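The structure appears right after this line, and notes come after that.
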Amino acid sequence: MDAARTNHTLVATAVLAALAVLILVTSLAVAPLVHGADDGKPSITELDALVIGVKDDQPGLSMRTEDGELEGFDVDVATYIGGRLGVSPEKLTFRPLSSDERESALNRGTVDMVVATYSITPERKQRVTFAGPYYVAHQDILVRQGETSIKNVRDLRGKRLCQVSGSNSWRRVTEEREVAAELVPAGSYSECVKALTGGRLDAVSTDDLILAGFAAGSATTMVNAPFSDERYGIGLRKGDLKGCQAVNRILTGMYQNGTAETLLGQWFTTSGLEVTITVPEFEGCA
């Protein structure tokens, strides 16, 4: 009887030990996925080619030229980052994205990085890891030349204001500041500006870098009454902390060595916009 009980005890102990090991292994495998820290996908620092999401209709930032090439401040920043990561220009692929495609493209893995006037918000940080910001813009208002009734954000009450899908800019007006503007949907800011110049809108409100580019090439003007800070981040796959830290070091160097000042001057000097050339305060990688 004692021998039988001993055998049963040994078997039970072995089963419990095996179960404990199984639970431990399962926990270790699942935990990184739960916390988004490491899903087994490579960091952008480990890639020898990059697909970068950008806009293709924002003058001065990322605009497609007549010969089909993309040019602007965002394109140059993305190229600079790629170079410092060891990726040559010929191995950079730029993929145009609309505002409402940026997060889904990162989550699906169709792009490795997004440099597309992508404002950092608490909601977006739940789904995307942001490096930067690489620039802090300020939301302003674009109107037709000769318009005198709109001098600040409060004057948008009752006015036809553009509402771009996937952008938070209209929320800054109607929700945060509770200005009862009449929202008119559009797919992009280039559509907004066409509607504005065509008389179908009264105003377009978004970041001053975006508006400055459009104002330089259309019969419109900026009100120059900024009312928010828009922290442009480099969007990365959620959990790529190594990539985030590397990009932050690159952005710091970009400002310290004068590259940022040169690029901002190249693209925005003629707009009359006063740009910031000091290193932005980074958000921290998460």
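The values are calculated or read from the model by the stated rules, or taken from the named source; none is laboratory data. Since the structure is predicted, the reported quantities are computational estimates derived from the model, not experimental observations. FYI the Cβ positions are ideal-geometry reconstructions off the backbone, even for glycines, and counts take in every protein chain you see. Heavy atoms of the whole protein, side chains included, go into the accessibility calculation; ligands, DNA and RNA do not. Shrake-Rupley method; radii C 1.70, N 1.55, O 1.52, S 1.80 Å.
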> Residues of the stretch 161-202 being crowded, with 18+ Cβ neighbours inside 10 Å and among the basic types (Lys, Arg), which ones?
Replying inline: 172
> If a residue has to be part of a helix (DSSP H, G or I), touching a residue at least 40 places away in the same chain (Cβ under 8 Å) and open to solvent by less than 40 Å² (accessible area, probe 1.4 Å) to count, how many in the stretch 261-274 make the cut?
Replying inline: 3
> List, please: which pairs have Cβ atoms under 9 Å, are six or more places apart or on different chains, and start with a residue in the stretch 238-250 that is within 16 Å of residue 86 (Cβ to Cβ) and end with one that is aromatic (Phe, Trp, Tyr)?
Replying inline: 247/134; 250/80
> Out of the stretch 105-123, which residues are part of a loop (DSSP other than H, G, I, E, B) and more than 23 Å from residue 268 (Cβ to Cβ)?
Replying inline: 109, 110, 111, 112, 121
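Taking residue 277 as the residue in question, decide whether it is in contact with a Phe, Trp or Tyr (Cβ under 9 Å, 6 or more places away or on another chain), surrounded by 17 or more Cβ atoms within 10 Å (Cβ to Cβ) and under 26 Å from residue 82 (Cβ atoms).
Details: in contact with a Phe, Trp or Tyr (Cβ under 9 Å, 6 or more places away or on another chain): yes; surrounded by 17 or more Cβ atoms within 10 Å (Cβ to Cβ): no; under 26 Å from residue 82 (Cβ atoms): yes.
So residue 277 fails the test.
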> Looking at 102, 124, which is the one that is basic (Lys, Arg), buried (at least 20 other Cβ atoms within 10 Å of the Cβ) and in contact with a helix residue (DSSP H, G or I) (Cβ under 9 Å, 6 or more places away or on another chain)?
Replying inline: 102
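From the list 129, 93, 110, which residue is in contact (Cβ under 8 Å) with a residue 24 or more places away in the chain, in contact with an Asp or Glu (Cβ under 7 Å, 6 or more places away or on another chain), closer than 20 Å to residue 43 by Cβ and not small (Gly, Ala, Ser)? Break it down into steps so the answer makes sense when it comes.
Working: 93 fails: in contact with an Asp or Glu (Cβ under 7 Å, 6 or more places away or on another chain); 110 fails: in contact with an Asp or Glu (Cβ under 7 Å, 6 or more places away or on another chain).
Going through 129, 93, 110 in turn, the sole match is 129.
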> Cβ-Cβ below 6 Å, separation at least six or inter-chain, first residue in the stretch 144-155 and closer than 16 Å to residue 208 by Cβ, second among the basic types (Lys, Arg): which pairs?
Replying inline: 153/177
> Looking at the stretch 72-95, which of the residues that are of a type in the set (Val, Ile, Thr) and under 18 Å from the mean Cα position of the chain (by Cα) is surrounded by the most Cβ atoms within 10 Å (Cβ to Cβ)?
Replying inline: 77
> Just one of the numbered conditions (1) touching a Lys or Arg at 6+ places or on another chain (Cβ under 8 Å); (2) open to solvent by less than 10 Å² (accessible area, probe 1.4 Å); (3) not aliphatic (A, V, I, L, M) is not true of residue 253; which one?
Replying inline: (2)
> Within the stretch 112-123, is even one residue closer than 23 Å to residue 215 by Cβ, at pLDDT below 95 and small (Gly, Ala, Ser)?
Replying inline: yes
>> For the stretch 124-172, which positions are within 22 Å of the chain's Cα centre (by Cα) and part of a helix (DSSP H, G or I)?
In response: 124, 125, 169, 170, 171, 172
